[in-house]
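No lab work stands behind these numbers, since they all come straight from the coordinates. As the structure is a computational prediction, the values presented were derived from the model and not from experiment. Positions of Cβ are backbone-derived with ideal geometry, glycine not excepted, and every protein chain shown enters the neighbour counts.
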Amino acid sequence: MESPEYCEINSNMTLDYINRLLMEEGTDEKASIYQQLDALQAMEKPFYDIIGQTYPSSPMETMISRDNQVDCPQDNYSKQARRGCFVSDILEPQGVHLVANDWTYECDHFSLQFERGAEEANKLVPNIAKLADLDSNGLSDSNRMIEATIGQKGKHGSKIRSHPHVDLEFLEARNSKHLAISASETTRDEMFDSVLLCDCRFNCDAAHIREIKAKEANNSSQNVRRKGYGQRQVKSRGKKKEEEVDLRAHLMQCAQAIVVNNLPFASELLEKIRRHASPYGDGSQRLALYLANGLEARLAGTGSQMYKELMEKQTRATDMLKAYRLFNAVCPFARVAYYFSNQTIADLSNGQPKVHIIDFGITLGFQWPSLIQRFAKREGGPPKLRITGIDVPQPGFRPRAIIEATGKRLTEYAEMFNVPFEYQDIASPWEDICIENLNIDNDEALIVNCMFRTQYLGDETEDIDSARDRVLRTMKRINPEVLILGIVNGMYSSPFFLTRFREVVFHYSALFDMLDATAPQSHEDRIQIERDLLGASALNVVACEGAERIVRPETYKPWQVRCLKAGFKQLPVDKAIMKRSIDEKDKHYHEDFVIDEDSRWLIQGWKGRIMHAVSSWKPKESYTNQ
């Protein structure tokens with residue numbers, strides 16, 4: 001085995017060699033840039049003469065000076081690698097990204113000359129942000145605070161990636177704004193197996209999390225006792241107790257100030273909220289941070305841009321898997337919903353030689369490895385399984401990259417369990433699906449599955465004949481034996497901002513309170529869930545309007561009406577599924593979780609607030625083949 005020192009030396013030599021090659025090959029390009037910079041200088045210099053200022057040093061001289069500073073190419077690469085630490089985590093050659101960074105530097109330097117002229121012009125006009133009495137650096141300041149906090153935590157534990165605390169999913173059109181997940185990890189590994197297949201690993205994870213929470217609770221109680229003793233001592237010395245702030249009340253007041261256009265008061269409240277908000281505080285402090293980001297983005301009018309930037313950041317599939325593992329260990333929502341769906345499919349396809357599942361919103365396909373494993377154990381042998389994975393196309397040159405990678409992983413699972421398997425992927429907006437492209441056979445058990453992604457479809461505020469109704473009609477025309485529908489139960493879709501914000505506060509308060517009660521406070525994957533999922537969605541709802549507002553959940557009652565209108569008949573919740581779900585919740589999860597049945601929906605919630613619902617549907621006989 002090669003020593004780490006040898007690997008490092010060899011890596012540095014390789015990077016040095018690549019750097020020299022790139023410099024030699026880029027000579028012609030740089031010569032062209034020099035010519036453009038000289039032309040730019042000739043154009044700009046008369047303006048500096050008019051305003052009586054000395055023109056800065058020649059761009060040519062600056063460029064040549066920089067080009068001559070190539071004594072330590074290894075240091076340049078290491079600096080860029082640290083600056084793009086998240087890129088280095090992706091399983092791609094670093095050199096490609098580093099070359100791109102060098103070119104970006106040249107372009108930035110080129111454009112800097114234009115910006116200098118623009119800055120001089122801006123001195124002649126009033127600053128709009130100052131007129132509005134807004135702190136334009138508020139978001140960036142909070143981001144630096146969070147990144148610094150994360151960096152301090154990283155000194156004592158595992159390193160946590162820092163993302164801008166801005167918005168998680170789709171704006172060239174609504175359908176291009178899904179969370180960007182790296183497609184470089186196309187194969188399954190031990191981690192995928194342990195999370196998606198092994199129940200004993202889940203039991204270990206759940207037990208380990210409960211143990212950590214118990215230790216946290218014990219340490220917290222001890223700290224409270226010590227703090228109480230210290231406060232009594234302080235009080236005896238006549239010092240004031242630390243100020244207590246009602247963050248929820250401040251958030252509501254800030255939203256009201258924005259509605260009435262009282263911008264100075266809104267900025268003052270935001271500053272106060274930020275002093276008490278923290279990504280490592282309790283649930284209310286964490287939620288306040290992300291809602292404050294949304295309110296500030298709304299004030300600045302940058303919500304859509306921030307949400308789009310966050311959606312375009314690459315997230316590794318393994319990082320999503322780790323977050324999914326923690327979420328399953330502390331919360332039953334996904335686990336119960338997938339069990340409901342898979343058990344329904346298994347019961348329906350019992351004895352069927354062919355099974356075809358059409359999955360609207362397959363993404364990483366975490367639901368299906370356990371079903372493949374289950375089919376392998378079926379009495380009489382497994383069926384021939386087909387899965388059609390549908391998702392909106394990703395932006396860029398590879399719109400099908402994610403669902404293709406998902407297909408490769410599922411194919412490996414099918415080979416591992418000797419289940420005959422066929423996979424096809426369709427990258428298309430759901431409302432534009434062509435049924436002929438689904439390749440449906442008459443002799444197969446046909447199931448349509450759609451879990452928790454309908455909240456991203458457009459509603460009646462965008463089109464009277466909404467995308468939600470059109471997709472349900474498409475599902476009806478597919479004529480499946482069963483439609484399994486899981487929805488995020490939320491009421492924060494109002495076109496009126498203040499009404500919507502109030503419901504956002506209530507809904508996300510329950511989610512953050514749930515994580516605060518069940519997940520370790522400084523767990524890296526909890527940070528990712530709160531920042532990259534919950535915080536991002538909340539920002540989109542708070543900071544964006546019109547078609548730019550992507551997240552639009554409904555409660556299960558309106559979805560029930562939509563399904564009936566589309567020609568479906570609701571099936572009752574299987575009593576065995578309900579009993580097993582409740583038993584698993586009681587055995588592994590916090591007592592404040594709720595699982596119940598209402599109007600033939602299996603509903604799940606936290607402390608009485610319903611968060612998710614799932615049900616099964618069958619096309620009405622009278623509407624068949626319509």
For this session: Provide 451, 191 in ascending order of the number of other Cβ atoms located within 10 Å of each residue's Cβ, fewest first.
Result: 191, 451
Problem set entry | Segment residue 244-residue 261, length gained on full extension (0.36 nm per residue, minus Cα span) | 3.4 nm
Problem set entry | At R0 = 22 Å, FRET efficiency that the Cβ-Cβ distance of residue 607 and residue 584 yields, to 0.05 | 0.70
Exercise. Counting only the backbone N, which residues of the range 375-417 are under 12 Å from the spot 7 Å out from the Cα of residue 350 toward its beta-carbon?
Worked result: 379
Exercise. Order of 384, 585 from fewest to most other C-beta atoms within 10 Å?
Worked result: 384, 585
Problem set entry | For 434, 204, 544, order by how many other beta-carbon atoms lie within 10 Å, fewest first | 434, 204, 544
Exercise. In nm, what is the difference between 0.36 nm times the number of residues separating residue 561 and residue 216 and their Cα-Cα distance?
Worked result: 119.7 nm
Problem set entry | Ordering of 561-572, 283-294, 388-399 by burial proxy (mean other Cβ atoms within 10 Å per residue, highest first) | 283-294, 388-399, 561-572
Exercise. So between residue 207 and residue 318, what do we pick up on full extension, going 0.36 nm a residue minus the alpha carbon distance?
Worked result: 37.8 nm
For this session: Quickly work out the residue 440-to-residue 462 label distance, labels modelled 7 Å from Cα along the C-beta direction, and quote it in nm with one decimal.
Result: 2.4
